[in-house]
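Peer 1: Before anything else, here's the structure in question.
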Amino acid sequence: MSIFKKYPYIVIEGPIGSGKTTLAQMLADKFSVQLLSEKAEANPFLPRFYQDAQRYALPTQLFFLFQRSRQISDLNQRDMFSKPTVADFFLEKDPLFARLNLDDEEYTLYHQIYSHLQLKSSKPDLVIYLQTPVDELAERIEERNVSYEQEIPREYIERLADAYSEFFHTYDASPLLIVNNEKLNIIKDEAALNLLIDRITQIKSSREYFNPNFE
């Protein structure tokens, strides 16, 4: 049975380098469902943010906010969440980045805009959080060799990973599967994807953990 019969709207989340976009794409292809992607490469401020975070944090954050709001608005208007969907982001994480990267005055402005937009999206039927060690994140970022990502300071990756862990420590808005992603490399290991899919079919509670061991 397709996992999307039980969970029609699945969100994959995790820090940069965790593989969330790759996993979302692979699930979309395997089960022929709709893919909703944040398309980070479309943000013209992102390369400059990694070079000078203090200067470009606000425009980077606002671009993502408006981009996501348009995507969610379009989907809601077309009622496309009635179709099975897998996404590599959800709106709830947007303030996480804002609080991490903006100073107090910028965050106040951001929060005013966020509140004014009154963003509402369908609640995910399942959230999969790819919890990945910082060393692994740094290695995967280096391996995929996106030029501007090579500017990312390790300290930022550490802060981001901590922010994600803190966020999902208390998250309870949707069923949550926390995946120890250190050894679950779906790009290099075909069996990893099937192993994860099998684990999803076994979910029975609102918060579960998956710690695959390939040794």
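Peer 1: Taking 0.36 nm per intervening residue step and subtracting the Cα-Cα distance, what contour gain separates S206 from R154 on full extension?
Peer 2: My answer for the length gained is 15.4 nm.
Peer 1: Let me ask something additional. Going through the cross-link list K30/K120; K6/K188; K5/K120; K120/K188; K5/K183; K120/K183, which pairs have a Cα-Cα distance over 26 Å in this structure?
Peer 2: K30/K120; K6/K188; K120/K188; K5/K183; K120/K183
Peer 1: Please work out how much length the chain gains when fully extended from E142 to K123, using 0.36 nm per residue of separation minus the C-alpha to C-alpha distance, in nm with one decimal.
Peer 2: Length gained, E142 through K123: 3.5 nm.
Peer 1: Quick one: check the C-alpha center-to-center distance for region 145-160 versus region 45-64, whole angstrom.
Peer 2: Value for the Cα centre distance between the two parts: 13 Å.
Peer 1: With a 10 Å radius around each residue's Cβ, average the other Cβ atoms per peptide and rank 151-160, 20-29, highest first.
Peer 2: 20-29, 151-160
Peer 1: Can you give the relative contact order of the chain as a percent, counting alpha carbon pairs under 8 Å and 6+ residues apart? Show your work: numbers first, answer last.
Peer 2: Working: 271 pairs, mean separation 60.2, N = 215.
RCO, the chain: 28 percent.
Peer 1: If the chain between Y171 and R99 were fully stretched, how many nm would it gain, using 0.36 nm times the residue separation less the Cα-Cα distance?
Peer 2: 24.3 nm
Peer 1: Could you list which residues have their amide H under 5 Å from that of A87, counting only those 5 or more apart in sequence or on another chain, with H placed in the peptide plane?
Peer 2: I10, V11, I12, L36
Peer 1: Sticking with this one: How many Å³ per residue does the convex hull of the Cα positions in region 1-116 occupy?
Peer 2: It comes to 107 Å³ per residue, whole-number rounded.
Peer 1: Ordered by packing density, taken as the mean number of other Cβ atoms within 10 Å over each peptide's residues, highest first, how do 139-148, 61-70 rank?
Peer 2: Highest-to-lowest ranking by the protection proxy: 61-70, 139-148.
Peer 1: Note down the Stokes-Einstein diffusion coefficient of the chain in µm²/s, whole number, using a Kirkwood radius over alpha carbon pairs, 4 °C, and 1.567 mPa s. Write down the numbers at each step before the final one.
Peer 2: Numbers: Rh = 18.0 Å.
The estimated diffusion coefficient comes to 72 µm²/s.
Every read-out reported here was derived from the displayed coordinates using simple, explicitly stated rules and does not represent laboratory data. In this text, all values refer to a predicted model and were calculated from it rather than measured experimentally. Positions of Cβ are generated from backbone atoms using ideal geometry, with glycine treated the same way; all protein chains shown enter the neighbour counts.
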